[in-house]
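Take a look at the structure below.
The values are calculated or read from the model by the stated rules, or taken from the named source; none is laboratory data. This one's a predicted model, so the numbers in the text were calculated from it and none came from an experiment. No Cβ is skipped: glycine too gets one built from the backbone with ideal geometry, and neighbour counts run over all protein chains shown.
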Amino acid sequence: MVGPSLSEEEQERNRTRLKAGFVLLVGVSAGMIAVQGGASLPAVLGVVVAGLVLGVVLIAYLSSIVP
């Protein structure tokens, strides 16, 4: 039987990177939508922060429902 090619530590590191990438994707995309809408710089920064928080919440939720 063939086992996984990555150690458990490498798998966990890859999962962490994927989660961080997802959070960044949500935050940056929210900021890009705000820029397209003509928002001011403080508003764009606020939307990016809100998007990052939403990304963390989404990751927490998905981690709770997917083993």
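For the structure I just gave you, tell me whether Leu62 is within 16 Å of the chain's Cα centre (by Cα) and either among the small types (Gly, Ala, Ser) or modelled with pLDDT under 95 (or both). Yes: the conditions hold for Leu62. Across segment 12-24, the number of residues qualifying as over 12 Å from the mean Cα position of the chain (by Cα) and surrounded by 14 or more Cβ atoms within 10 Å (Cβ to Cβ) comes to 0. Which residue is modelled with the highest pLDDT, if the candidates are limited to segment 1-24 and must be outside any helix (DSSP H, G or I) and closer than 22 Å to Ser63 by Cα? In this case the residue turns out to be Ser7. Scanning segment 25-67 for residues that are hydroxyl-bearing (Ser, Thr, Tyr) and outside any loop (DSSP other than H, G, I, E, B), we see that the one that is surrounded by the most Cβ atoms within 10 Å (Cβ to Cβ) is Ser29.
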